[in-house]
Amino acid sequence: MELKRLDYDFTVCKVKEIRAEDLEGELYFIGKSEEELSLVCLTSNVPADTIEREDGWKSFRIQGVLDFSLIGILAPITAILADNKIGIFAVSTYNTDYILVKREDFDAAMSTLAKSGYTIV
């Protein structure tokens, strides 16, 4: 399975609202619950009025479009990283999964996954 490195710095943040101008960058992931409105975005595109933010994330994604009938795609990746004491923040889209890792752990995560048989592109 191929994993694609994304050469961006990401931030996970909590916001009061999301305006159209907040979504003008390349990559955004929005999560809304009864308790919060969260945004994962490029660090360079963090809205000015965030409530809380966690900078310092790097990301990779599973290459290709994943069929909904596929089971256990994300679990082995997260298990390998957990076994190596590397924490993650995962986001799924309709097509695939994105895994964020703290910047200081990113190279170790990529190396560990490559040693476990994943192809890193």
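Considering every residue within the range 49-59, establish whether at least one is in a strand (DSSP E or B), among the aliphatic types (A, V, I, L, M), on the phi < 0 side of the Ramachandran plot and more than 12 Å from the chain's Cα centre (by Cα). Yes: the range 49-59 contains one or more residues that are in a strand (DSSP E or B), among the aliphatic types (A, V, I, L, M), on the phi < 0 side of the Ramachandran plot and more than 12 Å from the chain's Cα centre (by Cα). Ile77 meets the conditions (1) in contact with a Lys or Arg (Cβ under 8 Å, 6 or more places away or on another chain); (2) β-branched (Val, Ile, Thr); (3) surrounded by 14 or more Cβ atoms within 10 Å (Cβ to Cβ) in every case but one. The failed one is (1). Of the residues screened, Leu70 is not one that is closer than 13 Å to Val91 by Cα and either modelled with pLDDT under 95 or loosely packed, with under 11 Cβ neighbours inside 10 Å (or both).
The condition of being open to solvent by 30 Å² or more (accessible area, probe 1.4 Å) and not polar (S, T, N, Q) holds for only one of Leu100, Leu27, that being Leu27. Scanning the range 11-24 for residues that are without any contact (Cβ under 8 Å) to a residue 12 or more places away in the chain and surrounded by 10 or more Cβ atoms within 10 Å (Cβ to Cβ) returns a single hit, Leu23. Please go through the range 27-48 and give me each residue that is assigned to a loop (DSSP other than H, G, I, E, B), over 19 Å from Ala90 (Cβ atoms), touching a residue at least 12 places away in the same chain (Cβ under 8 Å) and not β-branched (Val, Ile, Thr), ordered by number. Answer for the range 27-48, where residues must be assigned to a loop (DSSP other than H, G, I, E, B), over 19 Å from Ala90 (Cβ atoms), touching a residue at least 12 places away in the same chain (Cβ under 8 Å) and not β-branched (Val, Ile, Thr): just Pro47.
For Leu37, the criteria (1) open to solvent by less than 40 Å² (accessible area, probe 1.4 Å); (2) of a type in the set (A, V, I, L, M, F, W, C); (3) out of contact with any strand residue (DSSP E or B) (no Cβ under 7 Å at 6 or more places or on another chain) hold in every case but one, which is (3).
Taking every residue in the range 107-121 that is among the hydroxyl-bearing types (Ser, Thr, Tyr) and pairing it with any residue that is assigned to a loop (DSSP other than H, G, I, E, B), at least 6 positions away or on another chain, the pairs with Cβ-Cβ distances below 8 Å are Thr112/Asn84; Thr112/Ile86; Tyr118/Met1; Thr119/Met1.
The values are calculated or read from the model by the stated rules, or taken from the named source; none is laboratory data. Small disclaimer: the values here were computed from a predicted structure and weren't measured. When we count neighbours, we look across all protein chains shown, and the Cβ atoms used for this are built from the backbone with ideal geometry, even at glycine. To get the accessible areas, we keep the full protein, side chains included, count just its heavy atoms, and leave off ligands, DNA and RNA. Shrake-Rupley method; radii C 1.70, N 1.55, O 1.52, S 1.80 Å.
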